[in-house]
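Scroll down for the structure; my scribbles are underneath it.
A short reminder: the numbers here are calculations on the coordinates, not readings from a lab. Not measured: the values here are computed from a predicted model. Glycine also receives a Cβ, built like all others from the backbone with ideal geometry; neighbour counts cover every protein chain displayed.
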Amino acid sequence: MRIIRGIHNLKKINSNSVVSIGNFDGVHLGHQKLISTVYNIGKENNLPTIIILFEPQPLEFFNNQNPPKRITKFREKIKYIQLYKIDIVLCIQFNSFFSNLSAEEFIIQILINKLNVKFIIIGQDFKFGAKRNGNIPLLKKISKKYKFNVIAVKSLYKNNIKISSTNIRKYLLENNIKLAQLLLGRPFSIIGRVVYGNQIGRTLGYPTANIKLYNNIPINNGVYAVKINYKKKYLGICNIGIKPSYIHIPKNKILEVHIFNTNINLYNKKIEILIYKKIRNEYFFSSTQKLKNQIAKDIKAVTKYFDIFDDELKNKR
């Protein structure tokens, strides 16, 4: 899969192409349906497949003081899109110039003149172009002149809930991790490189791997039951927050994860933390012993949760 950053780096596609446009934040089940439709149509017609993304996401550009929480960073989006064997991801820098480009200009200048689009696959609710005037009816109107096909993919629902990035953010921030996972089609996860911390966990008897968090993450501070993905999966417990019991430490938000029954050196390694259940909020503890006692209780709660979780999985099979 080729990743092209910026329209200026895009050479004209000589053959016809199959294209989809979107933010794809989370690459949730609805996005997966879009991407798989692109792949299938490309394969059936022997045409290159292209996904168009925007960085920053438009709402981040227009509301940069208080942007929506981001479910997936750019690299994580690429990781999930790559699973569908898409040929090209075109990442367009969303800036003042691009925000003023009309929907008609976007269709003609990019989809037609650059990408030679033959099939455009788009979610039924997706809007694009200046003032969000681009939609399915406009695409269909222009397609008659330029001879391309417009395929609208209907929104998906789970438990009568619309699958959308907005709803996934909402449920994560309401601590409804299970429902967010249902809409994502996988556990919500955080990927990051392990950095050196303050070695506090080691002094408590619970060594941790630490990951710096991006500021706009859609999950609350607290203690979570997690799995750690590094070459294989491990069970563990993580704390997301600012370590309020240690007032002398800078209050930067960080993820600390303790892996059960394992002693591996993860410094400078990239790991994935899959989050399954919130155990409790982050608290201030007046003594180290009280904190140690609580951690022991938390680990029991996580172990119990995964025992029940594994039993449920076995029963479903």
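Numerical summary
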| quantity | calculated |
| --- | --- |
| Single residue of ASN64, ASN14, ASN23 found to be farther than 30 Å from LYS158 by Cα, out of contact with any Lys or Arg (no Cβ under 6 Å at 6 or more places or on another chain), part of a loop (DSSP other than H, G, I, E, B) and in contact (Cβ under 8 Å) with a residue 40 or more places away in the chain | ASN14 |
| Test: TYR157 is of a type in the set (Phe, Trp, Tyr), without any contact (Cβ under 8 Å) to a residue 24 or more places away in the chain and surrounded by 14 or more Cβ atoms within 10 Å (Cβ to Cβ) | no |
| Count - residues of the stretch 103-120 that are closer than 15 Å to ILE92 by Cβ and either in a loop (DSSP other than H, G, I, E, B) or among the basic types (Lys, Arg) (or both) | 3 |
| Cβ-Cβ under 8 Å pairs, at least 6 apart or on other chains, the stretch 95-111 side loosely packed, with under 13 Cβ neighbours inside 10 Å, far side assigned to a helix (DSSP H, G or I) | ASN95/PHE61; ASN100/ALA130 |
| Tabulated pairs, the stretch 253-280, first touching a residue at least 24 places away in the same chain (Cβ under 8 Å), second of a type in the set (Phe, Trp, Tyr), C-beta under 6 angstrom, 6+ apart or interchain | HIS258/TYR206; ILE259/TYR234; THR262/TYR234; ILE271/TYR230; ILE275/PHE188; ILE275/TYR224; LYS277/TYR305; LYS278/TYR224 |
| Residue list for the stretch 119-132, filter: in contact (Cβ under 8 Å) with a residue 12 or more places away in the chain and surrounded by 13 or more Cβ atoms within 10 Å (Cβ to Cβ) | PHE119, ILE120, ILE121, ILE122, GLY123, ASP125, PHE126, PHE128, GLY129, ALA130 |
| Count of residues meeting criterion [under 18 Å from VAL223 (Cα atoms), more than 23 Å from the chain's Cα centre (by Cα) and either loosely packed, with under 13 Cβ neighbours inside 10 Å or charged (D, E, K, R) (or both)] in the stretch 252-280 | 1 |
| The listed residue being more than 17 Å from the chain's Cα centre (by Cα), in a helix (DSSP H, G or I), surrounded by fewer than 21 Cβ atoms within 10 Å (Cβ to Cβ) and hydrophobic (A, V, I, L, M, F, W, C), out of ILE4, ILE78, ILE41 | ILE41 |
